[in-house]
1. Restricting to region 41-53, give me the number of residues that are surrounded by 19 or more Cβ atoms within 10 Å (Cβ to Cβ) and over 11 Å from the mean Cα position of the chain (by Cα).
2. Just to be sure I understand, how many residues within region 75-94 are closer than 25 Å to Ala160 by Cα and either in a helix (DSSP H, G or I) or touching a Leu at 6+ places or on another chain (Cβ under 6 Å) (or both)?
3. Tell me, yes or no, whether region 180-188 has at least one residue that is modelled with pLDDT under 95 and touching a helix residue (DSSP H, G or I) at 6+ places or on another chain (Cβ under 9 Å).
4. I'm trying to understand the selection: among the residues of region 58-74, which are among the β-branched types (Val, Ile, Thr) and either buried (at least 20 other Cβ atoms within 10 Å of the Cβ) or part of a helix (DSSP H, G or I) (or both)?
5. Would it be correct to say that Arg70 is in contact with a helix residue (DSSP H, G or I) (Cβ under 9 Å, 6 or more places away or on another chain), modelled with pLDDT under 90 and not hydrophobic (A, V, I, L, M, F, W, C)?
6. For the structure I just gave you, tell me whether Glu219 is touching a residue at least 60 places away in the same chain (Cβ under 8 Å), in a helix (DSSP H, G or I) and closer than 19 Å to Lys28 by Cβ.
7. Looking only at region 1-51, how many residues end up being at pLDDT 90 or above and in a helix (DSSP H, G or I)?
Amino acid sequence: MRRERAHRAAARPERFRLKQQRSLLNAKTVFLNVPYDRKYEPLYLAFIAGLCGFGLIPHATVEITGSARRLDRIISLIRRCRYSFHDLSRVQLDRTRPSTPRFNMPFELGLAVARAKNQRGTHEWFVFEALPHRLKKSLSDLDGTDPYIHQSTWQGVLRALANALSRTSNPPAPSELSEIYRDLRKAAREIKDKLDGGSLFEARPFKELVVFAGMSARERIASLKKSLR
């Protein structure tokens, strides 16, 4: 009996440590909601690079696999993330017949807003756009929410992320974020070569990009190096 009690007491600190690690992981997780097409690749890479530069861990629907209903898996993914970043800049019709707008991004934003409203303090969301004032026309229900404008450039994405995360302690310098982006762009070319015509907007390439961006961030940003000690 004494041995059993001693074993339980010894196990408590380990369980507490694992609980803290999970809590810390959840606090750094991000749901990334962006368009998936080749023209968007530079901005896609910039979001991954920038978020990793702030010590965050991006997740996206491209990771979702399995037999469960896709909507249920998206909701589950949003629930696991402390933050979400939504780019609503792709409002034009696509070229594939029948020409249609894309509703996935605003729909997933709606899921994140509902999560934040229903569970106060557990989720924070940010909206991005390419052009100022357009959101008032495309999604007037968000009137009063100021989107972060990126002007459809990777530099603009990094700048917009820095503005969105301005309350972060020890934020990375703009030059550091640019260096991570350039590292990731080079890695993306190598990943695409291995894919032999495949897309970066798939589960495995996305995970590889996140891992590489995280490594680059830890090498280049002093505050992230210290957090690992």
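The values are calculated or read from the model by the stated rules, or taken from the named source; none is laboratory data. A quick note: this is a predicted structure, and the numbers were derived from the prediction, not measured. Heads up, the Cβs are rebuilt from the backbone with ideal geometry, glycines too, and the neighbour counts pull from every protein chain shown.
1. Let us first name the residues in region 41-53 that are surrounded by 19 or more Cβ atoms within 10 Å (Cβ to Cβ), namely 43-53.
So of that shortlist, the ones also over 11 Å from the mean Cα position of the chain (by Cα) come out as 43, 53.
Residues meeting the conditions: 2.
2. Summing the residues that are closer than 25 Å to Ala160 by Cα and either in a helix (DSSP H, G or I) or touching a Leu at 6+ places or on another chain (Cβ under 6 Å) (or both) in region 75-94 gives 5.
3. Looking only at region 180-188, we keep the residues that are modelled with pLDDT under 95, and these are none.
Within region 180-188, not a single residue is modelled with pLDDT under 95 and touching a helix residue (DSSP H, G or I) at 6+ places or on another chain (Cβ under 9 Å).
4. Residues of region 58-74 that are among the β-branched types (Val, Ile, Thr), as a first pass: 61-62, 64-65, 74.
Thr61, Val62, Ile74, listed by residue number.
5. On the way: in contact with a helix residue (DSSP H, G or I) (Cβ under 9 Å, 6 or more places away or on another chain): yes; modelled with pLDDT under 90: yes; not hydrophobic (A, V, I, L, M, F, W, C): yes.
Against the criterion (in contact with a helix residue (DSSP H, G or I) (Cβ under 9 Å, 6 or more places away or on another chain), modelled with pLDDT under 90 and not hydrophobic (A, V, I, L, M, F, W, C)), Arg70 qualifies.
6. Numbers: touching a residue at least 60 places away in the same chain (Cβ under 8 Å): no; in a helix (DSSP H, G or I): yes; closer than 19 Å to Lys28 by Cβ: yes.
So Glu219 fails the test.
7. Residues meeting the conditions: 15.
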